[in-house]
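Student: Can you keep this structure in mind? I'll have questions shortly.
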Amino acid sequence: MNERLLRIRRILKRKKPEFLRQNWFRFPKLGEKWRRPKGRHSKLRRHEKGKGFLPKPGYRSPKLVRGLHASGLEEVRVFNPKELEGLNPKTHAVRIASQVGKKKRLEIMKKAKELGLRVLNPLKGEENVPNG
């Protein structure tokens with residue numbers, strides 16, 4: 001069932017438009033982050049054609065797969081090898097935190113390989129343990 005919902009989520013994500021802030025192209029300082037249009041005469045707030053899209057509940061992904069990695073596994077952020085204990089290789093995937101240095105990263109990857117866990121962001125050149 002999860003595979004079907006993940007496939008549905010992938011299709012929905014393809015159809016979902018980019019939600020861009022009003023006038024993001026006119027003022028670089030606004031950036032492309034979303035902010036709700038609040039102006040009285042705002043064309044975007046009034047849903048006028050050709051002015052962009054507003055986020056709505058209908059764009060959301062199915063509840064059972066919301067927040068999961070594309071592989072269907074739940075992402076767990078790890079800072080040290082000890083945090084790998086108690087994780088289930090069938091339901092969890094490991095993402096090593098960016099603050100972790102190379103020495104500890106290698107330790108985490110070694111322990112993850114022993115436990116059969118999948119590492120989502122391995123070091124370049126290091127092999128990734130597939131979900132078994």
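Student: Rounded to the nearest 500 deg cm²/dmol, what is the calculated helix-only ellipticity per residue at 222 nm for the chain, with -39500 (n - 2.57) per DSSP H run of length n ≥ 4? Working shown, then result.
Tutor: On the way: 2 runs with 28 residues, N = 132.
Calculated at 222 nm, the ellipticity per residue is -7000 deg cm²/dmol.
Student: If you don't mind, another one. With every protein chain present, what is the per residue accessible area of the chain (1.4 Å probe, Å²)?
Tutor: 77 Å²
Student: Let me ask another. Quick one: pull the percent of accessible area on the chain belonging to carbon and sulfur, 1.4 Å probe, ligands and nucleic acids left out.
Tutor: 51 percent
Student: If the label point is 7 Å along Cα→Cβ of R26, which residues in the range 36-54 have backbone nitrogen under 15 Å from it?
Tutor: Correct set: 37-46, 51-52.
Student: Tell me, what HN-Hα J-couplings in whole Hz come from the Karplus equation 6.51 cos²θ - 1.76 cosθ + 1.60 at θ = phi - 60° for each residue of the range 37-46, using x for Gly and Pro?
Tutor: After applying 6.51 cos²θ - 1.76 cosθ + 1.60, I find x, 10, x, 4, 9, 4, 5, 5, 4, 8 Hz.
Student: If Rh is defined by the Kirkwood formula over all Cα pairs and Rg also comes from Cα, what ratio Rg/Rh do you get for the range 74-114?
Tutor: Details: Rg = 9.5 Å, Rh = 10.2 Å.
Reported Rg/Rh (Cα atoms, Kirkwood Rh): 0.93.
Student: So for the chain, taking the charge dipole from beta-carbon charges (+1 Lys/Arg, -1 Asp/Glu), which of I8, V100, L68 sits furthest toward the positive end?
Tutor: I8
Student: Over the Cα atoms of the range 1-64, what Rg and Dmax result, in angstrom?
Tutor: Rg then Dmax for the range 1-64, in Å: 14.9, 46.
Student: List the relative contact order of the chain as a percent without decimals, with contacts defined as Cα pairs under 8 Å and 6+ residues apart.
Tutor: Relative CO of the chain lands at 17 percent.
Student: To continue, here is another question. Quote to one decimal, in nm, the extra length available between A97 and L54 on full extension: 0.36 nm per residue of separation minus the C-alpha distance between them.
Tutor: Going from the current span to full extension adds 12.2 nm.
Student: Can you give the Rg/Rh ratio of the chain, where Rg is from the C-alpha atoms and Rh is the Kirkwood radius?
Tutor: On the way: Rg = 20.4 Å, Rh = 18.0 Å.
Rg divided by Rh gives 1.13.
The values are calculated or read from the model by the stated rules, or taken from the named source; none is laboratory data. As the structure is a computational prediction, the values presented were derived from the model and not from experiment. Here Cβ is always computed from backbone atoms with ideal geometry, including for glycine, and neighbour counts include all displayed protein chains. When the accessible area is computed, the model is the full protein with side chains, heavy atoms only, and any ligands, DNA or RNA have been set aside. Shrake-Rupley method; radii C 1.70, N 1.55, O 1.52, S 1.80 Å.
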